[in-house]
1. Taking 2.2 N^0.38 Å as the expected size of a compact globular protein, what ratio does the Cα radius of gyration of region 324-473 give against it, to two decimals?
2. Using the structure shown, select from K7/K96; K285/K358; K285/K410; K45/K109; K74/K378; K8/K385 the pairs with a Cα to Cα distance greater than 25 angstrom.
3. I'd like the FRET efficiency for I327 and E254, computed as 1/(1 + (r/R0)^6) with the beta carbon distance as r and R0 of 25 Å, rounded to 0.05.
4. Return the distance in nm (one decimal) between the two label points of a simple spin-label model at D388 and T73, each offset 7 Å from Cα along Cα→Cβ.
Amino acid sequence: MQEQPLKKVAIVGRPNVGKSSLFNRLARQRDAITSDMSGTTRDIKKRIVTISQNREFEVLDTGGIDYSTALFTKVAEFSLRAAEEADIIIYMVNGKSIPDAEDKELFYKLQEMNKPLALVVNKIDNDKEEERYWEFLEFGADATFPMSVSHNRYFNDFYAWMEEHIPAPQEEEEGLVLEEDTEIDPFAQIVEQIHAEYQEEEDNEIRVAIIGRVNTGKSSLLNALLGEERSVVSDVAGTTIDPIDEKIEYRDHEITFIDTAGIRKRSKIVGIEKYALTRTTEMLKKANLILLVLDSTQQISELDERVAGLIEEHKLACLIVLNKWDIKEDRSYEEVVDDVRDELKFLHYAPFITISAKTGLRVNKILDQIVDIYGRYKRRIPTSKLNDTLRAAIRRHHVPSHHGAVVNIKFATQHETKPPKIALITNRPEFLHFSYIRYLANFFREKFDFEGVPLDIVARKRGQRFEEDDEFQ
């Protein structure tokens, strides 16, 4: 039996009517950012969700339709294009105001698409306000629903209407998958186009945290990068207590450096240093990229591993900085690198740079590395290219079966950036062995150049939600 494609449901409307709130309610998670500010949503955000009797569909949160600026006009074009590609349209209006002529015009334009169309009158927060809902019946919609998304009111009739247009699931058929003519989600192209057009405008701010053990030269490195004495430098371990922020402009990017307090063994953290460790950890939550500063004259210690573990915990891009390279030691470059690779295996993706913050040796190369790594950190791989590469990987090494059960990977999709997160949609995600996922991760790295970037790959069945802790590096 042929598997039915998922219905696509587009939520459209003018700005600030509650589209993202409805999207979050359907997805059962706070995913899309909601705000009273017009234009908060620009990208088309997608999630596969489930309603009663395991009815699955893909819901799309679109940007507000507004022609007041050139940027908003482009967003509006993408929103209407999403409505054209969708199977079902939900048009939302603000129920706290009277019917608007522009809303009517947009609604009638959607009616011409001849597909299921519901008018949702949002922000009807109590029984008294329901009186305003009747004024919107003049739109002449086949289905009009009063609703309060923020208060979770009046959803039953809306869900019943959705069930009329979302088919119940059919038994999945096993067979050949990922053929050359496999249909790729057409909305990926829309999302990619938005990112391509506005990526530079919106993604040129890089927050770089400088971390490492005490007295590895973090403050000296910051001063060398800035070309001035901004951070106090001392041989006394623990000189830096408060993280220090400094901004510079470089290659059309605004780079904010965070000179964090050195991290000691827990048994030695006393008084204000314990507070400094907490502040440092909080700052890492806001960082995009880490400069892990190591003392090249010393062996990697257990404490270095714990410090580096913060990078893995926060899923950040990373550059390993081997400082004090001006001090002559018996160890060669290869020996130092092998020591780091052996002890910090989870940072296998991070490149090295050998420097001397004291003399300025190769410090100038760090800024280029930061911009290049961040470009890979925010990169979105086109769906077609990703699946072409997946096919090549499967042809080279077929997906192993599990005790005779066939495991098929249907397609791959990148659902997040910063870091890049890729979902493998498969019929049996629980049987896709971790070693094969690691093989695919290495294959993708080789093809797309993810140096310095953690790559999260997760196996999922179609319609299964993405959890924050289901990530593979």
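Computed from the coordinates by the stated procedures, all read-outs in this text should not be read as laboratory data. The structure displayed is predicted, hence computed values, not measured ones. Backbone-built Cβ (ideal geometry, glycine too); neighbour counts: all protein chains shown.
1. Taking N as the residue count of region 324-473, the ratio is 1.28.
2. Result: K7/K96; K285/K358; K285/K410 exceed 25 Å.
3. The computed FRET efficiency comes out at 0.15.
4. 3.4
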